[in-house]
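So the structure is just underneath, and the comments pick up after that.
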Amino acid sequence: MRVLFAILLSCILSLNLFFYSEELQGYSATLATQNAASTARIEGLRSLGYYKYEYKDDNLNFRNAVLHFQSDSNLTADGIAGKHFQSALNKRLQLGKGVAYNDYVKKSPSSKIWLTINKSNKILTVYWNKTAIKKYPVAIGRTNFVTPEGKFRIKSKVVNPRWSGGGHAEPVNGGDKKNPLGYRWLGLTIGNKNKYGIHGNNNPYSIGQNISRGCIRMLNPDVEDLYNKVNKNTIVWIGSDNDLRRWGVFQNSIIN
């Protein structure tokens, strides 16, 4: 009986080891496929000029590349490399490196530079008359601090703005890496106070989210680039994708 039990136990152990080995091989194959897909996405983004070594954090470099690609493609800029991202990437790789924005403006409010902020897709677009010339991913206000919608203008420009603390934290001097406003401030004509604006940040992972207290956040290199493109009195339209369409601005996805 003991011999029979030992043989039976040995058989059970052998079967368990077999199934474990099969499961491990399956997991390894899945992991290898995922790694290959990730490498292919990085190489694709690099070949199109999106992947840059701006940070020591490779995950952040990849996320920023995805955000900028999504913005240029008029996809929702959330930093997630999902199926829409992959479809758009495949199409862009077929088309080549040059960017052709899929925007249409019925009637421009300015013959020169003006801006839109699409809250649905979290994209800030720079137009010259009716032509889109640059797009950036942004973060907007969270549920209890909604980013106002409407047609505004830039009323102030500040390099290295000081953060007051917003009434809930200690103030932070301008130029400090911990400053939530980053290195640039573009104040907007919303209300009587200088409460709302387009600015940099101290948390690049926040871009692509509904996370601010109503302002429009940008990556620091992006807001510095934008700062040099605009002047006081530049027109800024802020709204949902439906709002912008109602105002005659159509920002169509590359995969539509």
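FYI, it's all coordinate maths here, none of it is from the lab. Predicted model, so just to flag it, every value in this text is computed and none were measured. Ideal geometry is used to build each Cβ from the backbone, glycine not excepted, and the neighbour counts take in all protein chains shown.
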So for the range 103-251: antiparallel DSSP bridges make up what percent, rounded to the nearest 5? 80 percent
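Report the far tail of the P(r) of the chain, meaning the percent of Cα-Cα pairs longer than 30 Å.
Details: 12211 of 32640 pairs.
Distances greater than 30 Å cover 37 percent of the Cα pairs.
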Given H placed on each backbone N at 1.01 Å, which residues far from ASN121 in sequence or on other chains put an amide H within less than 5 Å of it? ASP241
Mean Cβ-within-10 Å packing, highest first, puts peptides 127-139, 62-74, 160-172, 83-95 in the order 62-74, 127-139, 83-95, 160-172
Per-residue ³J(HN,Hα) for the range 113-126, Karplus 6.51 cos²θ - 1.76 cosθ + 1.60, θ = phi - 60°, Hz, x for Gly and Pro: 7, 8, 10, 10, 10, 8, 5, 5, 9, 6, 10, 9, 10, 9
Once you've got the GNM for the chain with C-alpha springs shorter than 10 Å, pick whichever of ASP57, ASP243, ASP225 has the biggest mean-square fluctuation. ASP57
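Tell me the mean residue ellipticity at 222 nm calculated for the chain from its helices only (DSSP H runs of n ≥ 4, each -39500 (n - 2.57), averaged over every residue, nearest 500).
Numbers: 5 runs with 88 residues, N = 256.
So the calculated ellipticity at 222 nm is -11500 deg cm²/dmol.
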Using θ = phi - 60° and Karplus 6.51 cos²θ - 1.76 cosθ + 1.60, couplings along the range 43-48 (whole Hz; Gly, Pro as x): 5, x, 5, 5, 5, 8
Extreme residue, positive dipole direction of the chain, given options GLY182, TYR196, VAL99 (C-beta unit charges): TYR196
Over the chain, with a Gaussian network built from C-alpha contacts below 10 Å, which listed residue (TYR53, TYR205, TYR183) shows the highest mean-square fluctuation? TYR53
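Can you pick out the pairs among LYS56/LYS151; LYS157/LYS177; LYS97/LYS130 whose Cα atoms lie more than 28 Å from each other?
Working: LYS56/LYS151 39 Å; LYS157/LYS177 19 Å; LYS97/LYS130 23 Å.
Long pairs (Cα-Cα over 28 Å): LYS56/LYS151.
Compute, for the chain, the length of the dipole vector about the Cα centre, with Cβ point charges of +1 (Lys, Arg) and -1 (Asp, Glu) only. Units Debye, rounded to 20. All intermediate terms of the calculation are to be shown ahead of the outcome.
Working: 35 positive and 17 negative charges, 272 e Å.
The calculation lands at about 1300 debye.
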Bin by bin, in steps of 10 Å, what percent of the Cα pairs in the range 103-251 do you find, going until the bin that has the longest distance? 12, 45, 34, 8, 1
Report the residue, chosen from LYS107, LYS56, LYS151, that carries the largest GNM mean-square fluctuation when the chain is represented by alpha-carbon nodes joined by springs under 10 Å. LYS56
Taking the Cβ of LEU45 as the center, what net charge do the other residues with Cβ under 14 Å away carry, scoring Lys and Arg +1 and Asp and Glu -1? +3
